[in-house]
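Engineer: To start, I am sharing the structure in question, which I have written as structure tokens.
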Amino acid sequence: MKYEFKITDEAGNVFLYDVSRSSSDEEKSLNDFILEALQISEDKRKLPFKIQCPNDLEVYPSLKMKFENYGSPLLGDKLEAMHITWRD
């Protein structure tokens with residue numbers, strides 16, 4: 001199943017996004033996380049979103065790209081996964 005989202009920003013620009021669940025034989029993806037987050041009631045989605053650091057500090061999470069062998073896109077390394085991290 002595929003979900004289509006239409007988001008309009010403050011300037012009136014319209015962005016279209018397709019989000020679909022991973023199949024049962026695939027690892028979960030960022031799309032799965034987005035769909036799970038949308039199942040939370042709207043009032044709870046307005047609460048601060050934080051991730052807990054190893055030292056118990058709570059911060060807003062960052063999205064990072066993970067490349068093969070912790071490489072770099074500049075070196076032509078293949079994008080392997082998306083990480084949610086506590087670091088900027």
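The values are calculated or read from the model by the stated rules, or taken from the named source; none is laboratory data. The shown structure was predicted, so the numbers you read here are calculated from the model rather than taken from an experiment. Virtual Cβ from ideal backbone geometry, glycine too; neighbours counted across all protein chains shown.
Engineer: Kindly establish whether Ile34 is touching a residue at least 24 places away in the same chain (Cβ under 8 Å) and closer than 30 Å to Met1 by Cα.
Structural biologist: Details: touching a residue at least 24 places away in the same chain (Cβ under 8 Å): no; closer than 30 Å to Met1 by Cα: yes.
The answer is no for Ile34.
Engineer: Quickly run through region 31-68 and pick out the residues that are exposed (fewer than 10 other Cβ atoms within 10 Å of the Cβ) and not hydrophobic (A, V, I, L, M, F, W, C).
Structural biologist: Gln39, Ser41, Glu42, Asp43, Lys44, Lys46, Pro48, Pro54, Asn55, Asp56
Engineer: Give all pairs with beta carbons closer than 9 Å in which a residue from region 42-65 that is among the polar types (S, T, N, Q) meets a residue that is in a strand (DSSP E or B); count only pairs at least 6 apart in sequence or on separate chains.
Structural biologist: Gln52/Glu58; Gln52/Val59; Ser62/Ile51; Ser62/His83; Ser62/Ile84; Ser62/Thr85
Engineer: Can Phe5 be described as outside any strand (DSSP E or B) and at pLDDT 90 or above? Quick ask: steps written out before the conclusion?
Structural biologist: Working: outside any strand (DSSP E or B): no; at pLDDT 90 or above: yes.
For Phe5, the condition - outside any strand (DSSP E or B) and at pLDDT 90 or above - is not met.
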